[in-house]
1. Whole-Hz ³J(HN,Hα) for each residue in segment 223-240, computed from phi via Karplus 6.51 cos²θ - 1.76 cosθ + 1.60 with θ = phi - 60°, x for glycine and proline: what do you get?
2. Sorted from largest down, give the three principal axis spans of the alpha carbons of segment 3-193, whole angstrom values.
3. Accessible area per residue of segment 3-193 at 1.4 Å probe, in Å²?
4. Using only DSSP helix segments of four residues or longer, with each worth -39500 (n - 2.57), what per-residue ellipticity at 222 nm results for the chain after dividing by its residue count and rounding to 500?
5. Computing the accessible area with a 1.4 Å probe over protein heavy atoms, can you report the carbon and sulfur percentage for segment 4-84?
6. With the dipole of segment 197-325 worked out from charges on the C-beta (+1 for Lys and Arg, -1 for Asp and Glu) around the Cα centre, which of A252, G204, G233 lies farthest toward the positive end?
7. Please list, ordered by chain and number, the residues whose modelled amide H lies under 5 Å from the amide H of V117; skip anything fewer than 5 residues away on the same chain.
8. Based on the alpha-carbon set only, what is the convex hull volume of segment 76-154 divided per residue, in Å³?
Amino acid sequence: MDLESSKTIKEYLHQANRVVITSHIRPDGDAVGAVLGLGTALQEAGKQVQVVLADGIPAVFRHFPGSKLVSRKVQGDYDLAVVLDCSDLQRSGGVLGDRKPEINIDHHVTNLEFGIVNLVEPEAAATCEILGEFLPRWGFTISQPAAALLLAGIVTDTIGFRTSNTRPHTLRCAADLMELGASLSEVYYHNLLRQSYEAAGLWGKGLTRLQRQDRLVYTSLSLEDKQQIGYNGNDDADLINLLSTIDDADIAIIFVELNGGIVKVSWRAQPGFDVSRIAVKFGGGGHLAAAGAQIPGTLEEVTRIVLETTAGMASEGLLNNEPDHE
Ligand code: 5GP
Ligand code: MN
């Protein structure tokens, strides 16, 4: 743990009056839980807080407490910028303009340490786990809504404590958040156990197109699929998590067509592999077991080059990772 960074962050947070908190585009549960969790704690400590996400808040997270706090653009002056769960600054979607953020808190192994002070803990299962541990140490109270937000981030990023980066500390942190009033069963129910009808329809589209090549399984979702189904999100409706349960495969990949000739690629790997290395090659990032990138091109082009590269790196052993180092 980086004690020096932690001390500096504490000072920054206490001295600031007007704080902007942001995270990555296409925000997931950890990103939304982290920005709203920290935002709530700082607001309750009397700070003026703007929670800004370039893509706004996806419909699936609108039940999060305080979700109405989120805007898409910074308004007016501020004296502290905090970026959470975001491995490179570009991925924040430009909400801070040219400003170098004072604080960067993240758990991605691929983090570029772009802040004035960086607290990057790749062994943490979620950015919300880092905040759950540090907020009390920095002298901030975690109220019941903030606890529920942080627990939602941990539960979604670990898919219910089942990813290989879930550690005893993660569970202790979750237990602390429950003691602060967060309901694990409610967080589970709303975030992992319920799907919209349209999401299930989209899974159907992807599953009928599922393919296997040696130890890889993959599928794709086109803009036309989403339109036919009436699915409004610009994500894969978490279909990749379903693909990653398929036995006999080391790596699962999904290709999701986005507007503007870009394809979002998500990789998921079994323990012993590191797919963040491929994602970085394509300008993306992530974790050993879960990584992504946005790649220009058509679905066909991106599928071909990504399959070729992934299969090539896998066969040369370039994706192997000692389980001890996860
Ligand atoms: P997902 O595939 O679910 O979008 O993301 C898996 C992991 O990779 C997440 O931790 C996410 O933050 C990271 N990730 C996904 N896409 C990108 C990207 O385009 N750039 C970077 N740096 N990280 C990404
Ligand atoms: Mn995360």
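1. Each residue of segment 223-240 in turn: 4, 5, 4, 5, 5, 4, 7, x, 8, 8, x, 9, 10, 9, 6, 6, 4, 4 Hz.
2. 40, 36, 32
3. On a per-residue basis, segment 3-193 sits at 42 Å².
4. It lands at -11000 deg cm²/dmol.
5. That fraction is 46 percent.
6. G233
7. So V117 has HN proximity to I103, N104.
8. Per residue, the Cα convex hull of segment 76-154 comes to 111 Å³.
The values are calculated or read from the model by the stated rules, or taken from the named source; none is laboratory data. Predicted model only: the values in this text are computed from it and were never measured. Quick reminder, even Gly has a Cβ in these numbers, built from the backbone with ideal geometry, and neighbours come from all protein chains shown. Heads up: the accessible areas ignore ligands, DNA and RNA and are worked out on the full protein's heavy atoms, side chains in. Shrake-Rupley method; radii C 1.70, N 1.55, O 1.52, S 1.80 Å.
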